[in-house]
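Report on the structure given below.
The values are calculated or read from the model by the stated rules, or taken from the named source; none is laboratory data. Just so it is clear, the model here is predicted, and its values are computed rather than measured. Glycine also receives a Cβ, built like all others from the backbone with ideal geometry; neighbour counts cover every protein chain displayed.
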Amino acid sequence: MNENENFESLRRLLALKRHEVPPPGYFNRFSGNVIARIRAGEQPSDAAENLARHAPWLLKFFQMFEAKPAFASSFASALCLLLLFGIVYAERPDATPQPILQTSQADSGAMGITAVSSAVAPAPELIANSFSNSSPSSLQPLFNGAFAQQVSFSH
Amino acid sequence: MIMAEPMERPQPDSPAPPEESELVARARRGDLSAYDELIKRYQERIYATIYHMTSNHEDANDLAQESFLKAYQALKSFKGGSSFYTWLYRIAVNKTINFLKQRKNRQHMSLNDLDFQAEHDPDLVALVSDKTPRRDAGLSELQEKLNAALLKLSEPHRLVVILHDVQGLSHEEIAKVMDCNIGTVRSRLFYARQQLQAYLMDYLKT
């Protein structure tokens, strides 16, 4: 028996695919779109292709995640272990601060900060004056009333 | 409009008509009007093949455009060992298969509408008849079930069914496009049809 006779109904059903058509006018615009992309020097929009062009090793690396889930899980496990190791190492009780930080802090406390506070910082009484009585009602007249005149608007 | 009618298709590996070879030569020299003519000749078949493989119009549109773009960029490497059509077909098929491998398990159908001729197609009328076990099934439901069943096939098996039973290519032509021997094409076609028949048992006459 001919192989086609066994699948006659299936072949009829597959004929349905030939009747699936894109939206009207689609092919009228198609070649124009391609030519416009060529003229614009547009590269293929596929990000994977751009990656493949500029960093093929990185693309292969990412593709391994899709192709081999075991590789992806082992890579993730390695990252977690590394993170865990970092946290444990950072919380060790015998972990001492960096000596260079200690030195710089000591130096700045002894010399720099003291010098700045004595040379630049305003006197405590000036600060108190400038911030006390700051409400508008307590403003003092500038010339102590010497140039003030009484003005009347009556005619 | 019926896409990719086999009767209208030129033989891919027959000697290229002078117009095509001339168009290819002009396109290689950067003549975009010649390439535009080549696109218009093959756009429907290339689009249809990709669409039937992906069951998604937007994906098919992107992949078809990129196939023509890539073909233009690679025109200088086209030696003329096969016809331009076969060469272009290979580019489109490889691009589609790579895309489908990356898209695995994220398949989303975006089906095109059926044309008005579908309801008058004698094959389909015979299929949707009182002898059909699921005679309440309309064409739209059949279309959806058929596409879903096709997506269950592996890419090589789906491609063979599409190229042979939908596009109408011969075994020899498919072997050249897929770069395998004819025996492989036959065995893949048989297996793919068996699988499809099992998936669509409720919609096929016994």
Filter region B:37-61 down to residues that are more than 7 Å from every other protein chain (Cβ to nearest Cβ) and over 11 Å from the mean Cα position of the chain (by Cα) and give me whichever is farthest from residue B:103 (Cα to Cα).
B:37
In region A:12-44, residue surrounded by the most Cβ atoms within 10 Å (Cβ to Cβ) [restricted to those that are more than 7 Å from every other protein chain (Cβ to nearest Cβ) and not in a helix (DSSP H, G or I)]:
A:43
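Tell me yes or no: at least one residue of region B:71-79 is part of a helix (DSSP H, G or I), facing chain A (nearest Cβ under 10 Å) and over 30 Å from residue A:62 (Cα atoms).
The answer is no, given that none of the residues of region B:71-79 is part of a helix (DSSP H, G or I), facing chain A (nearest Cβ under 10 Å) and over 30 Å from residue A:62 (Cα atoms).
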Exactly one of (1) part of a helix (DSSP H, G or I); (2) modelled with pLDDT under 90 is unmet by residue B:191. Its number?
(2)
